[in-house]
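The values are calculated or read from the model by the stated rules, or taken from the named source; none is laboratory data. Model, not experiment: these values are computed from the prediction. Cβ atoms come from the backbone with ideal geometry, glycine included; neighbour counts cover every protein chain shown.
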Amino acid sequence: MKDTGDATPAIARGDGAFLVGIRVSPSAPRTTVQGIYGDRIKIAVNAPPEDNRANRQLVAALADWLDLRRDEVRVESGHGSRDKVVAFSGIEEAELRSRMVRLLQGR
């Protein structure tokens, strides 16, 4: 995994959730975190973008990596775009930030 230094993604407060920008690369050889892309997290998913498969793979991976239930992670906007905003609920901002830092550092 790429060295992310002290970089963390921007976290915004949404309606009952925290919002994080994600840059997605679909149809990758495997699903993995690639690091920081501006103020977003860059994630490669092995699912193709057709039929919402890449979005479902992204939600499942983030829920697994961040130890959240799948219903606590959803694509808020950018459903048909590489640049997405993902909403996280059921977690405090400080804990979300801590888990994301660990994720970016390779746990």
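Some points to look at:
- G14 vs. criteria at pLDDT below 95 and over 13 Å from V85 (Cβ atoms): no
- For the range 81-107, the set of residues classified as loosely packed, with under 13 Cβ neighbours inside 10 Å, part of a helix (DSSP H, G or I) and touching a residue at least 60 places away in the same chain (Cβ under 8 Å) consists of E93 only.
- Members of the range 27-56 that are more than 15 Å from V86 (Cα to Cα), of a type in the set (S, T, N, Q) and outside any strand (DSSP E or B): S27, T31, N46
- Criterion (touching a helix residue (DSSP H, G or I) at 6+ places or on another chain (Cβ under 7 Å) and of a type in the set (S, T, Y)) met by exactly one of S89, S27: S89
- Cβ-Cβ under 8 Å pairs, at least 6 apart or on other chains, the range 57-76 side aromatic (F, W, Y), far side surrounded by 15 or more Cβ atoms within 10 Å (Cβ to Cβ) and in a strand (DSSP E or B): W65/V33
- Which numbered condition K42 misses (of (1) farther than 20 Å from I11 by Cβ; (2) basic (K, R); (3) in contact with a Ser or Thr (Cβ under 9 Å, 6 or more places away or on another chain)): (1)
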